[in-house]
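Right, one structure below, let's go through it.
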Amino acid sequence: MVKLPKKLIAEGGKLFGHTNWSAGDGTGFGEGVTLYENRHDDEIASIDFEEMPGCCGIVVFTNLQVDVKNKGYGEFVTKIAEYYAADDGYTLAIATTNNKAGEKIALALGATEAASFTNRKTQHPIKVWTKKLPARTR
């Protein structure tokens, strides 16, 4: 993975109150990001992302996991994933949410609600979010 820019590193230091944190490779499907509080000791958040089948310009964010709630870790790990996805050349990010916490993160990061529906398999209300990613960072 590409090195994070100083702005994101500083944001992490401010979020944690120290600089002994790290972001590593994801834990699931294609690629991803795992956020650690003390280098690689305490995993606190992770998100996976993969290319949408049939379209190499779209990245799908999935499986956001946050161990410590209401601290900004979910938003921060998603922001890092966006940075990596943009660096990989993706143009558009897609994600779904089924709860208020996910919606809050999507809105905070500037995503647009593209659709909503009730999942026929689970009966859960789902929102589909999109966000245009910035041009490649390198």
Go through the range 98-120 and give me each residue that's surrounded by 12 or more Cβ atoms within 10 Å (Cβ to Cβ) and part of a helix (DSSP H, G or I). ALA101, GLY102, GLU103, LYS104, ILE105, ALA106, LEU107, ALA108
What is the residue count in the range 52-72 for residues that are surrounded by 22 or more Cβ atoms within 10 Å (Cβ to Cβ) and not aliphatic (A, V, I, L, M)? 1
Quick check on LYS79: is it touching a helix residue (DSSP H, G or I) at 6+ places or on another chain (Cβ under 9 Å), closer than 19 Å to ALA23 by Cα and in a loop (DSSP other than H, G, I, E, B)? no
Checklist (1) part of a loop (DSSP other than H, G, I, E, B); (2) under 17 Å from LEU4 (Cβ atoms); (3) of a type outside the set (Asp, Glu) applied to GLN123, failing item: (2)
Give me the residue from the range 1-35 that is at pLDDT below 80 and outside any loop (DSSP other than H, G, I, E, B) and, out of that set, surrounded by the fewest Cβ atoms within 10 Å (Cβ to Cβ). ASP25
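The values are calculated or read from the model by the stated rules, or taken from the named source; none is laboratory data. Predicted model, so just to flag it, every value in this text is computed and none were measured. Here the Cβ is made from the backbone with ideal geometry for all residues, glycine too, and neighbour counts use every protein chain on show.
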